[in-house]
Amino acid sequence: MLRLIDRLIAWFAIPSAVLLLLVVMAGVICRAADHPLSWTDEASGYLMVWCACFGWMSATRKGAHIRIRFFMDRLPSGLNRLVRLLFELSLLLLGCMIAVKGLHLVQTNLEIEATSMPISAALLYVPLIPAGLVMMLQAVLDTLGIWQEKPAVQDKAQS
């Protein structure tokens, strides 16, 4: 199932990035030809949000976000494990809040039309929902991984 999630993220991220590139290029070319398109700025903004959320989901799944572990690595193994568990639980809560608030933003903006395109303004907030859910899923998986660690294995890894 996790591979399916990773593939879905990539399956949506790549076309979104290509579409963003095409929309921005169309805007630049049409402006250079003195025939600007009114919708390219707004469309590229929407696509940028979607691309950023897909990148966020991908980085979350791969554990690629920046972590500064200077102080964590100096804690005794038991306290280190506790702090990592608390950190993952707070990420779970944050992911839940992002998904719930994203759903609220989608519902609130469903009837509002975008400024220059005939689409709902809610589409700007839709990617927050899967991003929050992916963040929650990864936090649960990481919490289970930390919970199942054997202290001796953890001490060897830190040496």
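Excluding the site residues themselves, the longest part of the chain lacking any trypsin sites (Lys or Arg not before Pro) in a DSSP loop with at most 16 other Cβ atoms within 10 Å is 70-159.
Modelled this way, with points 7 Å down the Cα-to-C-beta line, the labels at Leu94 and Gln148 are 2.5 nm from one another. Computed from the alpha carbon atoms alone, the convex hull of segment 67-152 holds 96 Å³ per residue. Here the calculated FRET efficiency for Phe87 and Leu37, from their Cβ-Cβ distance with R0 = 30 Å, stands at 0.10, rounded to the nearest 0.05. Choose one answer from Leu128, Leu105, Leu82: the residue with the largest mean-square fluctuation in a GNM of the chain with alpha-carbon springs under 10 Å. The residue with the greatest mean-square fluctuation here is Leu82. A Förster radius of 30 Å, combined with the Cβ-Cβ distance separating Leu8 from Glu113, puts the computed FRET efficiency at roughly 0.60.
Per residue, segment 1-144 exposes 64 Å² of accessible surface when a 1.4 Å probe is rolled over the protein heavy atoms with every protein chain present. Of the solvent-accessible surface of segment 1-54, computed with a 1.4 Å probe and all protein chains present, 77% belongs to carbon and sulfur.
Model label sites at Phe71 and Cys30, defined 7 Å from Cα along the beta-carbon direction, differ in position by 5.1 nm. When the chymotrypsin sites (Phe, Trp or Tyr not before Pro) in segment 14-88 are filtered for DSSP coil states and for at most 15 other beta-carbon atoms within 10 Å of their beta-carbon, the remaining sites are Phe70, Phe71.
Springs join every pair of Cα atoms under 10 Å in this Gaussian network model of the chain, and among Thr40, Thr108, Thr143 the largest mean-square fluctuation is at Thr108. Take the Kirkwood radius over Cα pairs of segment 37-102, plug it into Stokes-Einstein at 37 °C and 0.692 mPa s, and you get 223 µm²/s for translational diffusion.
The values are calculated or read from the model by the stated rules, or taken from the named source; none is laboratory data. Predicted model, so just to flag it, every value in this text is computed and none were measured. Heads up, the Cβs are rebuilt from the backbone with ideal geometry, glycines too, and the neighbour counts pull from every protein chain shown. Keep in mind that these areas ignore ligands, DNA and RNA; they rest on the heavy atoms of the full protein, side chains included. Shrake-Rupley method; radii C 1.70, N 1.55, O 1.52, S 1.80 Å.
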